[in-house]
Amino acid sequence: MAPIPGSGLAKGLAVTLRTMTRKSHTAQYPDVQPDLPPRTRGVIGLFEENCTVCMLCARECPDWCIYIDSHKETLPATAPGGRERSRNVLDRFAIDFALCMYCGICIEVCPFDALFWSPEFEYAETDIHELTHERDKLREWMWTVPEPPALDPGAEEPKELAAARKTAEKLAAAEAAQADPAAEAARATGTGDVTPSAPGTGGPGQQPPAEGGTA
């Protein structure tokens, strides 16, 4: 069926009329903070303890706005006859938000969960050089990162939790196995419950053998 001539114009005018009769709402920012979505990309926070200076975030950044400096330290052997080990120590971690395009690639490629999105967006500066946030500033943003959303009740259990639960169960079983011999020793020495004696030894419930004969 062919559309009625002028139906599109009528629909457009209907939308205009509904909008005209609806009361407008003005956001009173900055007196009232906006209600941001939970996955808002505001600024990037750094959890420094998780950073291993692997440089993946800096290499994958399409804007080359991440600057990392580090040095190596030698750790002594932890056991006699062992060898010394070396590890990278973070000296500088900075992000230039004047260049950052908020693509989130650095957060996605980080294998150790050292970078997180924060919904904070109020960090405008009058000097463009102040938009380069060093690691101390990035660490402050870390405390504004919201908690992750709860899992879907029908979702599978994370592999990390399953592995941790299995490890805890194995440790509990090992402790129980170690406690059993200790309980047996306590009962044998009379500090615990009395254990039944073997047949023919005169223990509880066993008649002693007659004199001059066999049991």
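Would you confirm, using the coordinates I've provided, whether LEU115 is within 19 Å of the chain's Cα centre (by Cα) and in the same structural domain as CYS65 (by TED's automatic domain parsing)?
Considered against the rule, which asks whether it is within 19 Å of the chain's Cα centre (by Cα) and in the same structural domain as CYS65 (by TED's automatic domain parsing), LEU115 comes out as yes.
Among the residues of region 141-150, are any hydrophobic (A, V, I, L, M, F, W, C), surrounded by 11 or more Cβ atoms within 10 Å (Cβ to Cβ), out of contact with any strand residue (DSSP E or B) (no Cβ under 7 Å at 6 or more places or on another chain) and outside the structural domain of LEU46 (by TED's automatic domain parsing)? No, because not a single residue in region 141-150 is hydrophobic (A, V, I, L, M, F, W, C), surrounded by 11 or more Cβ atoms within 10 Å (Cβ to Cβ), out of contact with any strand residue (DSSP E or B) (no Cβ under 7 Å at 6 or more places or on another chain) and outside the structural domain of LEU46 (by TED's automatic domain parsing). Checking the stated criteria, THR78 turns out not to satisfy the condition of being β-branched (Val, Ile, Thr), within 30 Å of GLN33 (Cβ to Cβ), part of a loop (DSSP other than H, G, I, E, B) and free of Cβ contacts under 8 Å to residues at least 40 places away in the same chain.
The residue pairs whose first member lies in region 103-118 and is touching a residue at least 12 places away in the same chain (Cβ under 8 Å), whose second member is basic (Lys, Arg), and whose beta carbons are closer than 7 Å, counting only pairs six or more residues apart or on different chains, are GLY104/ARG41; TRP117/ARG41. The residues on offer are ASP69, ASP35, ASP31, and the sole one that is closer than 20 Å to PHE97 by Cβ and out of contact with any helix residue (DSSP H, G or I) (no Cβ under 8 Å at 6 or more places or on another chain) is ASP69.
Consider VAL109 carefully, then state whether it is β-branched (Val, Ile, Thr), at pLDDT below 95 and surrounded by fewer than 16 Cβ atoms within 10 Å (Cβ to Cβ). Against the criterion (β-branched (Val, Ile, Thr), at pLDDT below 95 and surrounded by fewer than 16 Cβ atoms within 10 Å (Cβ to Cβ)), VAL109 does not qualify.
Each row is one residue, and each column tells you yes or no for (1) crowded, with 16+ Cβ neighbours inside 10 Å; (2) among the hydroxyl-bearing types (Ser, Thr, Tyr).
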| residue | (1), (2) |
| --- | --- |
| LYS23 | no, no |
| GLN28 | no, no |
| GLY45 | yes, no |
| VAL53 | yes, no |
| ALA79 | no, no |
| ASN88 | no, no |
| TYR102 | no, yes |
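The values are calculated or read from the model by the stated rules, or taken from the named source; none is laboratory data. Note that the structure is a prediction, hence the values are computed from the model and not measured. Cβ: placed from backbone, ideal geometry, glycine included. Neighbour counts: every protein chain shown.
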